[in-house]
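The values are calculated or read from the model by the stated rules, or taken from the named source; none is laboratory data. Note that this is a predicted model, so its numbers are computed, not measured. No Cβ is skipped: glycine too gets one built from the backbone with ideal geometry, and neighbour counts run over all protein chains shown.
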Amino acid sequence: MADGAAAGVSALLEPLTRIVAKAAAAIRAMPAHSVARRTKSDDTTVTAADETSERIILAALAALAPDIPVVSEELMTRQAPPPLGERFFVVDPLDGTREYVAGRDAYAVNLALVDNGAPVLGIIASPARNMLWRGIVGRNAERMTIDGDVLGAATPIHTRPWPDDGAVAAISHSHLDPGTEAFLARLRPARRLPMGSALKFCLIAEGGADVYPRFSRTCEWDVAAGHALVVAAGGTVTATDGTPLIYGGSNEGFGVPDFIAWGDPARAAG
């Protein structure tokens, strides 16, 4: 990004962080065991928590940046995608609904800003853990506690070099596919760490895991915020063949066929 564009992105970080924290607080206030839910046409579950979080985020984004289009998971089930310019937001108001409904804590709120096909800002909040991770590509990444509208002090985070032994692979708790299994068999990490949602990207970004592979289709709102966060923290995210991920694929239903997030870019290149 040019300096002027980077400054504009940086100016959005604090207000966007507060938007995500507010949505996370709303989800935390809605116990999963009693929340209303229904099954969507694609046979996945959506809850009142998903919808409440999305309403909060969409209203706040419209007030903060009305000229920037928004691609959001639940919104895209109700209407056609908006015309996308160079910049647009990508939102998953509750990533890991399956985890949330099951009473587990590995669900998240994801928000990214995409510029010319690449995520440049990413924010991921964990409502159940009162934590938030954020980063701007080319600047830095950090984590903080959240308590409603109150943000804790930001702590810088960074990915770690690939360890000589003890590498950790973050893997999907619910979507472990044969391609990922084959990749892990070749890579032979010392430990597999199953987890739901985009929180796996947060582990990579803060040096708690080294690789997160997924060889099956997911969607841009599942990946964009984590992509920006990992890159901001010093890692890399590509398609499984090493080519860049390009965002804004409205004609493909905003699908991401596959990806690998690496904490150590040198290992990805090797």
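General remarks:
- Close pairs from the stretch 225-248: first within 26 Å of V70 (Cβ to Cβ), partner of a type in the set (K, R) and in a helix (DSSP H, G or I), Cβ under 9 Å, at least 6 apart: G226/K200
- Among the residues of the stretch 136-150, the ones that are exposed (fewer than 15 other Cβ atoms within 10 Å of the Cβ) and either part of a loop (DSSP other than H, G, I, E, B) or basic (K, R) (or both) come to 3 in all.
- Meets criteria (crowded, with 16+ Cβ neighbours inside 10 Å and in contact with a His (Cβ under 8 Å, 6 or more places away or on another chain)) for G248: no
- Options A7, A26: the member that is farther than 26 Å from G138 by Cα and among the small types (G, A, S): A26
- The stretch 238-270 - residue that is hydrophobic (A, V, I, L, M, F, W, C) and outside any strand (DSSP E or B) and, of those, modelled with the lowest pLDDT: A269
- L94 meets the conditions (1) more than 20 Å from H227 (Cα to Cα); (2) in contact with a strand residue (DSSP E or B) (Cβ under 8 Å, 6 or more places away or on another chain) in every case but one. The failed one is (1).
- S197 fulfils the conditions (1) buried (at least 24 other Cβ atoms within 10 Å of the Cβ); (2) modelled with pLDDT of 95 or more except for a single criterion, (2).
- Enumeration of residues in the stretch 34-50 that are of a type in the set (D, E) and out of contact with any Leu (no Cβ under 9 Å at 6 or more places or on another chain): D42, D43
- The strands (runs of 3 or more DSSP E) located wholly in the stretch 29-98 that include 2 or more residues which are of a type outside the set (F, W, Y) and within 18 Å of I124 (Cα to Cα) occupy 70-72, 87-95.
- Pair list, Cβ < 6 Å and 6+ apart or interchain, from the stretch 55-75 residues that are on the phi < 0 side of the Ramachandran plot to residues that are surrounded by fewer than 17 Cβ atoms within 10 Å (Cβ to Cβ): L64/P15; P69/P82
- Residues satisfying the stated conditions in the stretch 151-208, i.e. polar (S, T, N, Q), touching a helix residue (DSSP H, G or I) at 6+ places or on another chain (Cβ under 9 Å) and not in a strand (DSSP E or B): T159, S174, S197
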